[in-house]
Amino acid sequence: TKSTRPQRLLKAVQKHATRGDPQSVISAIDHFCRHSEWAMNVGDEKGCILDSVVSELNPEKVLELGTYCGYSTVRIARLLPPGARLITLEFNADYAAIARQVIAWAGLEDKVQLVEGASGDWIPRMKEHFGIETFDFVFLDHWKDRYLPDTKLMEDCGLLRKGTVLLADNVICPGVPDYLEYVRNSLSYKSCYFKSHLEYTKAEDGLEKSVFLG
Ligand SMILES: C[C@H](C[C@H]1O[C@@H](n2cnc3c(N)ncnc32)[C@H](O)[C@@H]1O)NC(=O)c1cc(-c2ccc(F)cc2)cc(O)c1O
Ligand SMILES: [Mg+2]
């Protein structure tokens, strides 16, 4: 039977990347997406902006919403200091299975906890199930109509602290107008836009960085 695109992406990683070398995993996925098949990873251009935000923040506790094949999971986890932890939520079981293998190929499984399930179900359980007090950094890259409700849910669950940074992918394409309006007008956030391009294309897209003010 025909393979899926995530399966072909994983094969490209296993063929071209070196086990335990996160940068080679990132490069293999970017090469596959540029030269073989487009896939909805944050990509290399927006990925460099993601890298700079993470490196500047040096977060201990990270949440990623929407793992897909684990590309941004690897980008973030490779920059985390020893002892730091990344929890990533993915509700599609097939994607989660691929992502686990991509993360393992990069040798980052000790820093990453991939949870199969929906953000709306798991955010309220972060404290009692994972012993998380608050997150230092949240990367939003899941269903675009979930960015706003899940942000409000994280506020209500006390998972954000003064200084927590939210970084949202795709704020132009596919677009998250309700989320942008909220973080840009709320007195609880200091927000700024990083203009870029939709992964592997010339279309405009960008990342919105929003600091929770408490
Ligand atoms: C939503 C997907 C990313 C993943 O998120 C998981 N997911 C969802 N909702 C939840 C939840 N509530 N909890 C946990 N996981 C969850 C899902 O299963 C996907 O694996 N991302 C996109 O759709 C996406 C699409 C485009 C895109 C842009 C232009 C086009 F012409 C076509 C597509 C670009 C991007 O950069 C994306 O990120
Ligand atoms: Mg995205």
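Simple spin-label estimate for Ser52 and His197 gives 1.7 nm between the two label positions (7 Å along the Cα-to-Cβ direction from each Cα). Ignoring aspartates and glutamates fewer than eight residues from Lys61 along the same chain, the ones with Cα atoms less than 12 angstrom from its Cα are Glu133, Asp136.
How long are the three semi-axes of the equivalent ellipsoid for the chain, computed from the Cα gyration tensor as the root of 5 times each eigenvalue, in whole Å, largest first?
Working: eigenvalues 138, 75, 50 Å².
Here the semi-axes work out to 26, 19, 16 Å.
Classified by the C-alpha gyration tensor, region 24-108 has an oblate form. Its axis ratio a/c, with a ≥ b ≥ c, is 1.5 or above, and a/b does not exceed b/c.
Fully extending the segment from Ser3 to Cys173, taken as 0.36 nm per residue of separation minus the present Cα-Cα distance, adds 58.5 nm. Where the alpha-carbon atoms of region 131-214 are placed on the principal axes, they occupy 40, 26, 19 Å, in descending order.
Considering lysine pairs in region 93-176 that are 8 or more places apart or on different chains, how many have Cα atoms under 22 Å apart? Mind dumping the intermediate values first?
Values: Lys111/Lys127; Lys127/Lys152; Lys127/Lys162; Lys144/Lys152; Lys152/Lys162.
Qualifying lysine pairs in region 93-176: 5.
Qualifying GluC sites (Glu not before Pro) in region 125-187, where qualification requires a DSSP coil assignment and no more than 16 other C-beta atoms within 10 Å, comprise Glu133.
To test your reading of the geometry: what angle, between 0 and 90 degrees and rounded to tens, separates the Cα axis of helix 5-16 from the longest principal axis of the chain? Computed tilt is about 60 degrees.
Readers should treat all values here as calculations from the given coordinates under stated rules, not as data from a laboratory. A quick note: this is a predicted structure, and the numbers were derived from the prediction, not measured. All Cβ positions, even for glycine, are placed from backbone atoms using ideal geometry, and neighbour counts span all protein chains on display.
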